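Written below as structure tokens is the structure these notes are about.
The values are calculated or read from the model by the stated rules, or taken from the named source; none is laboratory data. Only a predicted model underlies this, so the values are computations on that prediction, with no experimental measurement involved. All Cβ positions, even for glycine, are placed from backbone atoms using ideal geometry, and neighbour counts span all protein chains on display.
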Amino acid sequence: MSTTLRAIWLFMLCLGSINIALAQNTQNRVITGTVFDESKTSLPGVGVVIKGGTTSALTNIDGKFTITVPSNTTTLVFSYIGMKTQEVLVGTRSTLNITLESATTTLTDVVVIGYGTAKRSDVTSAISSIGEKDIKNLPVSGIDQALQGKLAGVSVNNNGGQPGGGVSVRVRGVTSVNGNEPLYVVDGVPLQTTRSTISQDQLGGMGGQTSQSPLASLNPSDILSIDILKDASAQAIYGSQAANGVVIVTTKRGKAGEGRITYEGYYGLQEVQKKLDIMDLSQFAQYNNEVLGEIAAVDGNPTYTTIGEFQNPSILGKGTDWQDEVFRRGKMQNHQVSFSGGQDKTTYYTSLNYFDQEGTILGSEFKRVSLRFNIDQQVKSWLKIGLSANGTRSNQRISLTNGSDAIVTIATANSPAAPVFTPSGGYATTVAVGGYNFGNVRNPIALALAREVRNIQTKGYGNLFGELSFTKFLTFRSEVNFDYTVGDNSAFQPYIDGILTPSKLVEQRSTNVYYGLRNFFNYNQTFGRHNVTALLGHEIQEGEYDQLDASRQNLTQNIPAIGAGGEAGQTLGSYLGNFAMESYFARAGYSYDNRYALNLSIRRDGSSAFGPDNRIGYFPAASIGWTVTNEAFAKDIKFLNYLKVRAGAGAVGNQNSPTANAYVTRVRLVSTAPFGQGGIPQNVGNPKLGWESVITYNGGIDMAFLNKRLEVSVDVYKKETSDMILSSSLPVFTGIGTQYNDIQAPVVNAGNMVNKGFDIAVTTYNMNRQDFEWRTNVVFSRYKNILNALNSETSDISRYVEYGNAVLLTRTVPGRSVGGFYGFLEDGLFRSMEQLNSSADQGLGINPKGTWLGDIKYKDLNSDGVIDDKDLTFIGDPNPDFTFGITNTFRYKSFDLSVFLQGTYGNDVLNYTKRTTEALNNVYSNQLVTVTDRYSASNPNGTIPRYNQWHNNNIRVSDRFVEDGSYLRIQNVTIGYNLPAKLIAKAKMSNARVFASGQNLHTFTKYTGYDPELGAFNGGATFFNIDNGNYPNPRTFTFGVNVTF
């Protein structure tokens, strides 16, 4: 072919190519846009496809997409996991901005069920779940606080407002008298360690609350989801660790795509939501003047005269407001930076968090620095490995609470005539007014600021895993868990003349090491209408605990160092312990045609906590489900979109004991004894000790109505605990008991307890439009607890307060619920001599210094004519009739609003603080303003007893101090705004949200104390809802921002 012909052929070929391209260009067009969720956060990985076609695209990390479509394309389909699939008419538009809506159903949610996951629609047991959005930006130090009122069947009570303080979490009521805290599993790691501080009685006075939150080491901002296993058919896979329920925490992981940088932060202020109406100086002077006259009338001594400085109360002013001095406006801040993303086969998530909370009581605080690192690597198509690791260092300073010498108790009773500081700037003790000393020697400000009790904890835990895929149906997974905790507790008290003595330092160093190895197979395959799942695994766990205690007093120059103290009175002690457990577990599931489902599981645990004869425990479970709406006969029920019936039963166990390794007799070594070093028995061993057993029966129903705009889940249950692990009761003369210096009594299996109740969860999708959404979640829980038996018919568990167990407050006996308040019943006041002469003998004789007009008349319950201990009875129940939570979530364009209400009904509170603030037995102590309505000769119709310094009958524990603890609380209101995408794009941001939040805004209650939410003292089930100088829960206002780059 000639050169000319070749040139002509090449020219024609190019021209044809251009014509084809031009023709194609006239037939296709390019559409671009961005996809967001409801909060205007861009969504990566959204599928974009032509309706009825095969051309598709995915949004990039910024949520942007580009797709080339035929010119006649009318509709694009956008789909994303967890969002409603949306069809969009294109028309002539070339740019689209799409907002995807959350799927209006929870039935397709994936829940964690223990060693695996399942779709909620396939679950046949009772599991409650919340996600990241439900707890995001809440101003709490631990996730246990964030669960309050969010989940049906889960009761959460703060044990006080102490930063980082303890929280009582109960899953379906009271399971045991040995404690009721659930098992927490974070990314497969069971958290083994508790968090406690040195008891302050080692510095003098009372011990106070020492139990703190074990979850304060986990940063709430790292959490993706929380699933709570509520019945034994779900819990049994965890066996002996699951008696009190299981809380499974899943943290965030990376997603493939361009890397993301996220900053989340807020700053807040906290304050006490309420102060008691205590007398100011003017009122106190008036009260003092009146009381001196009443004392003179009883003593028959007219020489009692008004203190000169108090003669004209109206000119005195307010005096010292000790509540204002003790409470402060605390600051709170939280900052987190996280990095996430991944490419090809590797994804990662890492975060750095700083949290700092000042308490509302002087001196209290909590600080935490945490680092999380999660990584997943698809090494081969058949091998995946990953690591979840968390490192935390926290520093908590504790206020003395819960006792008659707690900071709040002293402050409320301290005289307004007493100053905080002396003229020279030192802490004041008492002040002389008219020759009388007013004020408390234990200045509460000195107690709050000078005494320093700290818990410093350094903790690292994580899970390293490898997963082999033999086929797409069968996998093998191996996990190594670790939890390493170093505790540094200290309690320091300087010498302050007349206030704190002696100077003393107590130090406690501890190391807790836990590791576990878990191997298991997972199988999941579908054969036509049949689906079969199976799990088979083996696990070993081992832990070691080592603690060293030392104390010295009379510190040189108040230097907080053991070396600065003297040898006289020094103490030195240590504790070393370990545990081990080996387990086998299995689960099998079968479902047919998405209609019928059966799940079976069993676990075998062998624990070092028991002797050879009772070391092994078996924990089986079974549950069934029937999805009625998948039946042919249900297709025509128009209003019913989903109906599933569930039933299950199972057994779990408990190995918690009041004495470690109680099956053997241990030795307590002593370095100093009459004949030198030696040892004594620590306890009396019981080689027959075995597992505490909990058997649960559950029935449930899940429903969805009105095109799934109304979802309802109802569960009823019975939970029976038997063979509880209890200390036996022996005569005092044996020297064997349960006090710290006793040879500990044998621990035995005895007792029976039953909890019955029901849980209801309702979700309504009230409005779902393009610019406006409104969703409501309601949870309702009720349980009834009955203790049927203890060691014997006459056994009881009694709890006391004051030095030497002087005052009985609660008794736990067979036939009643746990922790009932115990005391006398009032029958009004004596208001006439006839009543005095005709009533039962109050034990003091009838005279002005004995039983007299204005004193309390107690009921003679046994009708023997004498008021004594035989007339004590149950005067209140701390357990609620029901608890509830209501959350309303609104979205209007770029604004969002959440309103969360939470409360309890039917629970009693024992207001023991009022026994001090309405004692009316000391002219030097301040009182509530209500004492102005006391009975007196000039006020015979007074509603509270007379002033009486001659005996303590009027402050006996009685129903006078029991109040209704029901409350409705505006727990949280949060309003947020998402900044416009065009505005933030200039700063390379894909999302920016600002928000303001109010926590614990207002409480509607009849309770007269600081706060009706009191929780349990040191987490104990038998000492619940008692107000005894508790740390009030604060009101919090926060302002924050969430930014993603």
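Key figures for this structure:
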quantity: Only listed residue being loosely packed, with under 14 Cβ neighbours inside 10 Å, in contact (Cβ under 8 Å) with a residue 40 or more places away in the chain, at negative phi and in the same structural domain as residue 451 (by TED's automatic domain parsing), chosen from 516, 577; calculated: 577
quantity: Tally, over region 868-882, of residues that are assigned to a strand (DSSP E or B) and out of contact with any Ser or Thr (no Cβ under 8 Å at 6 or more places or on another chain); calculated: 3
quantity: Options 963, 1013: the member that is in a strand (DSSP E or B) and farther than 27 Å from residue 261 by Cα; calculated: 963
quantity: Test: residue in region 309-331 that is aliphatic (A, V, I, L, M) and under 27 Å from the mean Cα position of the chain (by Cα); calculated: yes
quantity: From the options 970, 984, residue that is modelled with pLDDT under 95 and among the β-branched types (Val, Ile, Thr); calculated: 984
quantity: Residue 535 among the aliphatic types (A, V, I, L, M) and surrounded by 13 or more Cβ atoms within 10 Å (Cβ to Cβ); calculated: yes
quantity: Residues located in region 144-161, provided they are polar (S, T, N, Q) and in contact with a Lys or Arg (Cβ under 7 Å, 6 or more places away or on another chain); calculated: 155
quantity: Filter result for the condition that a residue is in contact with a Leu (Cβ under 9 Å, 6 or more places away or on another chain) and surrounded by fewer than 20 Cβ atoms within 10 Å (Cβ to Cβ), over 267, 304, 263; calculated: 304
quantity: Verdict on residue 63 being touching a residue at least 12 places away in the same chain (Cβ under 8 Å) and either among the acidic types (Asp, Glu) or within 30 Å of residue 190 (Cα to Cα) (or both); calculated: no
quantity: Considering residues of region 78-95 that are assigned to a strand (DSSP E or B) and in contact with a Gly (Cβ under 8 Å, 6 or more places away or on another chain) only, the residue farthest from residue 30 (Cα to Cα); calculated: 79
quantity: Residue match in region 725-746 (condition: within 28 Å of residue 617 (Cβ to Cβ), part of a strand (DSSP E or B) and touching a helix residue (DSSP H, G or I) at 6+ places or on another chain (Cβ under 9 Å)); calculated: no
quantity: Residue within region 476-489 that is under 30 Å from residue 447 (Cα atoms), assigned to a strand (DSSP E or B) and either basic (Lys, Arg) or not assigned by TED's automatic domain parsing to the domain that holds residue 376 (or both) present; calculated: no
quantity: Check on residue 87, at pLDDT below 85 and either more than 15 Å from residue 255 (Cβ to Cβ) or in contact with a His (Cβ under 9 Å, 6 or more places away or on another chain) (or both); calculated: no
quantity: Given (1) in contact with a Gly (Cβ under 7 Å, 6 or more places away or on another chain); (2) over 20 Å from residue 330 (Cβ atoms); (3) buried (at least 20 other Cβ atoms within 10 Å of the Cβ), number of the condition residue 1041 does not satisfy; calculated: (3)
quantity: Selected residue (only one of 217, 213 is under 22 Å from residue 352 (Cβ atoms) and in contact with an Asp or Glu (Cβ under 7 Å, 6 or more places away or on another chain)); calculated: 213
quantity: Among the candidates 314, 282, 351, 338, residue that is surrounded by fewer than 15 Cβ atoms within 10 Å (Cβ to Cβ) and at pLDDT 90 or above; calculated: 314
quantity: From 325, 358, 309, residue being among the acidic types (Asp, Glu), in contact with an Asp or Glu (Cβ under 9 Å, 6 or more places away or on another chain) and under 30 Å from residue 407 (Cβ atoms); calculated: 358
quantity: Residue in region 785-792 that is closer than 19 Å to residue 738 by Cβ, under 26 Å from the mean Cα position of the chain (by Cα), not basic (Lys, Arg) and not in a loop (DSSP other than H, G, I, E, B) present; calculated: yes
quantity: Filter result for residue 625 (assigned by TED's automatic domain parsing to the domain that holds residue 747, more than 15 Å from residue 702 (Cα to Cα), at pLDDT 90 or above and surrounded by 14 or more Cβ atoms within 10 Å (Cβ to Cβ)); calculated: no
quantity: Pair list, Cβ under 6 Å, 6 or more apart: region 355-366 residue of a type in the set (Ser, Thr, Tyr), other residue not in a loop (DSSP other than H, G, I, E, B); calculated: 360/270; 360/272; 360/327; 360/330; 360/1034; 364/397
quantity: Options 804, 751, 757; residue that is in a loop (DSSP other than H, G, I, E, B) and either touching a residue at least 12 places away in the same chain (Cβ under 8 Å) or among the small types (Gly, Ala, Ser) (or both); calculated: 804
quantity: First in region 483-504 and in contact (Cβ under 8 Å) with a residue 60 or more places away in the chain and of a type in the set (Lys, Arg), second anywhere and assigned to a strand (DSSP E or B) and surrounded by 22 or more Cβ atoms within 10 Å (Cβ to Cβ), Cβ under 8 Å, 6 or more apart; calculated: 504/491; 504/493; 504/552
quantity: Within region 177-223, considering residues that are assigned to a helix (DSSP H, G or I) and under 19 Å from the mean Cα position of the chain (by Cα), the one surrounded by the fewest Cβ atoms within 10 Å (Cβ to Cβ); calculated: 214
quantity: In region 612-641, the residues that are closer than 30 Å to residue 663 by Cα, outside any strand (DSSP E or B) and touching a strand residue (DSSP E or B) at 6+ places or on another chain (Cβ under 6 Å); calculated: 615
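To keep it simple, each residue is scored yes or no on (1) crowded, with 22+ Cβ neighbours inside 10 Å; (2) modelled with pLDDT under 95; (3) among the hydrophobic types (A, V, I, L, M, F, W, C).
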{"site": "433", "(1), (2), (3)": "no, yes, yes"}
{"site": "441", "(1), (2), (3)": "no, yes, yes"}
{"site": "453", "(1), (2), (3)": "yes, no, yes"}
{"site": "472", "(1), (2), (3)": "no, yes, no"}
{"site": "477", "(1), (2), (3)": "no, no, no"}
{"site": "491", "(1), (2), (3)": "yes, no, yes"}
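A quick yes/no check of all residues on (1) in a loop (DSSP other than H, G, I, E, B); (2) under 30 Å from residue 390 (Cβ atoms); (3) not small (Gly, Ala, Ser):
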{"site": "432", "(1), (2), (3)": "no, no, no"}
{"site": "437", "(1), (2), (3)": "no, no, yes"}
{"site": "440", "(1), (2), (3)": "yes, no, yes"}
{"site": "446", "(1), (2), (3)": "no, no, no"}
{"site": "453", "(1), (2), (3)": "no, yes, yes"}
{"site": "457", "(1), (2), (3)": "no, yes, yes"}
{"site": "462", "(1), (2), (3)": "no, yes, no"}
{"site": "467", "(1), (2), (3)": "no, yes, yes"}
